[in-house]
1. Taking the conditions exactly as written (under 22 Å from H223 (Cα atoms), touching an Asp or Glu at 6+ places or on another chain (Cβ under 6 Å) and crowded, with 17+ Cβ neighbours inside 10 Å), does S138 satisfy them or not?
2. Would you tally the residues in the stretch 249-265 being under 13 Å from N210 (Cα atoms) and either touching a Gly at 6+ places or on another chain (Cβ under 6 Å) or surrounded by 19 or more Cβ atoms within 10 Å (Cβ to Cβ) (or both)?
3. Please determine, by comparing only the residues of the stretch 273-302 that are assigned to a loop (DSSP other than H, G, I, E, B) and not hydrophobic (A, V, I, L, M, F, W, C), which one is farthest from M332 (Cα to Cα).
4. Given V304, V297, V293, which one is farther than 22 Å from V143 by Cα, in contact (Cβ under 8 Å) with a residue 60 or more places away in the chain and crowded, with 18+ Cβ neighbours inside 10 Å?
5. Looking only at the stretch 72-102, which residues are among the β-branched types (V, I, T) and either surrounded by 24 or more Cβ atoms within 10 Å (Cβ to Cβ) or free of Cβ contacts under 8 Å to residues at least 24 places away in the same chain (or both)?
6. In the stretch 243-272, how many are over 21 Å from V293 (Cβ atoms), part of a loop (DSSP other than H, G, I, E, B) and either more than 16 Å from the chain's Cα centre (by Cα) or at pLDDT below 80 (or both)?
7. Counting residues that are within 18 Å of the chain's Cα centre (by Cα), which strands (runs of 3 or more DSSP E) fully inside the stretch 58-165 reach at least 2?
8. Of these, R118, R106, which one is under 20 Å from T142 (Cα atoms) and of a type in the set (D, E, K, R)?
Amino acid sequence: MNPLPLFPTTLVGSYPQPEWLIDRNLLAASPPARVRTRELWRVAEPLLAQAQDDATILAIKAQEDAGLDIITDGEIRRESYSNRFATALDGIDLDNPATVLGRSGRPNLVPRVVGPIRRKHSVEAEDVKFLRSHTARSIKMTVPGPFTMTQQALNEHYPDAKTLALAYAVAVNEEIRDLFAAGADIVQIDEPYMQAQPDKAREYGLEALNRALEGIQGTTAVHICFGYAAIVQDRPSGYSFLPELAACACRQVSVETAQAHLDCAVLAKLDDKQIMVGCLDLSDMTVEAPQTVVARVEHALRYVPPENVILAPDCGMKYLPREVALGKLRAMVEAARMLRAKYSRA
């Protein structure tokens with residue numbers, strides 16, 4: 001990994017896909033994709049991969065132009081943060097999906113688990129190589145977590161949800177190893193359902209997450225959140241599952257603080273972790289002043305030392321207009337510069 005400055009900046013994962021690539025009106029109107037959702041793409045299949053590559057290059061350039069220190073591929077090739085990986089596994093019936101209620105209470109089509117969950121091949125290693133070939137900055141790749149994928153499927157094979165989650169964890173562990181081998185500097189596991197279903201997360205989610213991280217040597221992160229601002233409007237002021245991540249094997253924990261006005265005192269319980277402080281409110285289409293972002297980060301700095309703070313949006317930015325997303329990222333980068341100037345002298 002390239003040396004990072006104090007208060008490095010990054011995306012949580014996604015960046016808005018262009019209008020010419022994906023039907024953003026349909027994206028906004030549809031439940032999050034858990035099975036494949038080909039109708040979202042505006043480009044026909046023979047040219048889709050090429051179009052996704054071109055849009056990924058645009059997303060990388062936008063992040064560099066904004067000044068981010070750690071670059072993602074923007075998750076441009078994904079219909080959702082989870083389904084690109086989850087639908088590539090053995091043991092899944094995609095042709096006969098089930099309907100379950102998602103974390104927002106809306107019905108979602110999900111894959112049925114009808115056999116042993118196994119990873120046939122790496123799903124995202126080529127995405128890492130593509131990203132690495134288009135930027136010299138530090139890079140991060142995201143992968144859905146085993147607990148979240150368990151909640152986004154109908155189990156018709158394993159004796160219980162814990163056994164299914166541990167099977168997903170093995171597949172995620174294999175994928176993470178390949179992502180680091182392909183050149184990733186950081187791999188982030190997305191586990192938003194740990195916040196949505198904290199009792200189940202305590203029962204077996206943390207065990208599955210640590211199994212996914214078993215033996216991994218690179219820098220890893222876990223992201224939990226309250227859901228996309230475009231889908232889940234009401235935020236509590238505190239996480240139902242966060243202090244428990246002190247027992248997680250990951251190096252970094254990503255939290256959202258801006259839209260939820262999080263009481264950051266809970267971060268003191270994660271004193272050996274780096275904290276990705278979500279400091280951009282993605283429910284508000286107004287671009288924040290850098291001073292506003294600084295103030296949000298300084299709430300966390302009461303409990304987290306500066307060297308352990310990373311600046312990021314609250315969640316993925318895929319539902320934002322691209323000009324709003326870029327403006328917010330620039331405000332965040334300027335806030336990081338202001339914080340460095342202040343705390344480097346402290």
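The values are calculated or read from the model by the stated rules, or taken from the named source; none is laboratory data. Just so it is clear, the model here is predicted, and its values are computed rather than measured. Cβ atoms come from the backbone with ideal geometry, glycine included; neighbour counts cover every protein chain shown.
1. yes
2. 1
3. Among residues in the stretch 273-302 that are assigned to a loop (DSSP other than H, G, I, E, B) and not hydrophobic (A, V, I, L, M, F, W, C), the one farthest from M332 (Cα to Cα) is K273.
4. Working: V304 fails: in contact (Cβ under 8 Å) with a residue 60 or more places away in the chain; V293 fails: in contact (Cβ under 8 Å) with a residue 60 or more places away in the chain.
After applying the criteria, what remains is V297.
5. We begin by selecting, within the stretch 72-102, every residue among the β-branched types (V, I, T); these are 72, 76, 87, 92, 99-100.
Answer for the stretch 72-102, where residues must be among the β-branched types (V, I, T) and either surrounded by 24 or more Cβ atoms within 10 Å (Cβ to Cβ) or free of Cβ contacts under 8 Å to residues at least 24 places away in the same chain (or both): T72, I76, T99.
6. Qualifying residue count, the stretch 243-272: 4.
7. 138-144
8. R118
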